[in-house]
Amino acid sequence: MKTALLAGGTGLIGSQLLQLLARDDAYGTVKCLTRNALPVTHEKIEAIQTNGSDLNGLAASLVADDVFCCLGTTIKKAKTKEAFRKIDFDYPLHLANLSKAQGARQFLLVSALGANPSSSVFYNQVKGEVEEAIAAIGFEAYHVFRPSLLLGARPEERTGEDAAKIFFKWFGFLLPQQYKAIDSAKVARAMLAMANKNGKGTFVYESKLLQGF
């Protein structure tokens, strides 16, 4: 059986994915990097306490076959562009480098719709830059997931997102499939399904495709 390593297991997608991994027979161990108490307990799950900046000291604990990175924030929550970049670029890239050095075969990254390193939108630019930086590491399989606005209950309030969700609820049918809000559970299911294909190469999944999960 495989070992999974999950970063971001208390977030919207990560908490859903943690439950799926714990129930999946393909995985004998599910390691989860976390600062806080996990939303799920299971005999397979091993919580690894970290604040994100001390990963070098945890390198020996990062041995895994498949690495799932669900880290992410907003500029509003991070408060500065520098803090946002640390969470959405520095931490995922550091995790990718360390886990690859420990023998990881697959890396699965939650990015965002519109990710593009040349974008004039800072958020999309950073997402695109981290996609490219991790691609250069050379995992046997690299999967990038680009969901639109995520639906689901967050532990913290995000006023802008809440307003957008109301809009999508009433007027989402007017939008192309690519831009419709997506249930976080669909993204989690897609990540597990693609990991279990055990393929080779680089794969990018846009929100329109993820809606099918």
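General observations
- Residue check for D24: acidic (D, E), closer than 27 Å to A193 by Cα and under 14 Å from the mean Cα position of the chain (by Cα): no
- Residue list for segment 35-51, filter: within 18 Å of L12 (Cα to Cα) and in a loop (DSSP other than H, G, I, E, B): R35, N36, A37, L38, P39, V40, T41
- Within segment 190-213, the set of residues being over 14 Å from F68 (Cα atoms) and without any contact (Cβ under 8 Å) to a residue 40 or more places away in the chain comprises K197, K208, L209, Q211, G212, F213.
- Annotation: V30 fulfils all but one of (1) hydrophobic (A, V, I, L, M, F, W, C); (2) under 20 Å from L109 (Cβ atoms); (3) modelled with pLDDT under 95; (4) not in a helix (DSSP H, G or I); the unmet one is (3).
- Of all residues in segment 51-81, exactly one satisfies the criterion of being exposed (fewer than 14 other Cβ atoms within 10 Å of the Cβ), among the polar types (S, T, N, Q) and under 23 Å from Y142 (Cβ atoms), namely N56.
- For segment 8-27, the set of residues classified as in contact with a helix residue (DSSP H, G or I) (Cβ under 6 Å, 6 or more places away or on another chain) and outside any helix (DSSP H, G or I) consists of G8, G9, Y27, listed by residue number.
- Of S148, S111, S99, all but one fail to be closer than 22 Å to A60 by Cβ, touching a helix residue (DSSP H, G or I) at 6+ places or on another chain (Cβ under 6 Å), of a type in the set (S, T, Y) and surrounded by 21 or more Cβ atoms within 10 Å (Cβ to Cβ); the exception is S99.
- Enumeration of residues in segment 62-87 that are of a type in the set (A, V, I, L, M) and assigned to a helix (DSSP H, G or I): L62, I75, A78, A83, I87
- Qualifying residue in segment 88-99 (condition: farther than 12 Å from L5 by Cβ, at pLDDT 95 or above, in a helix (DSSP H, G or I) and in contact with a strand residue (DSSP E or B) (Cβ under 9 Å, 6 or more places away or on another chain)): yes
The values are calculated or read from the model by the stated rules, or taken from the named source; none is laboratory data. All of these numbers come straight from a predicted model, not from anything done at the bench. Every residue, glycine among them, receives a Cβ derived from its backbone with ideal geometry; neighbour counts consider all protein chains shown.
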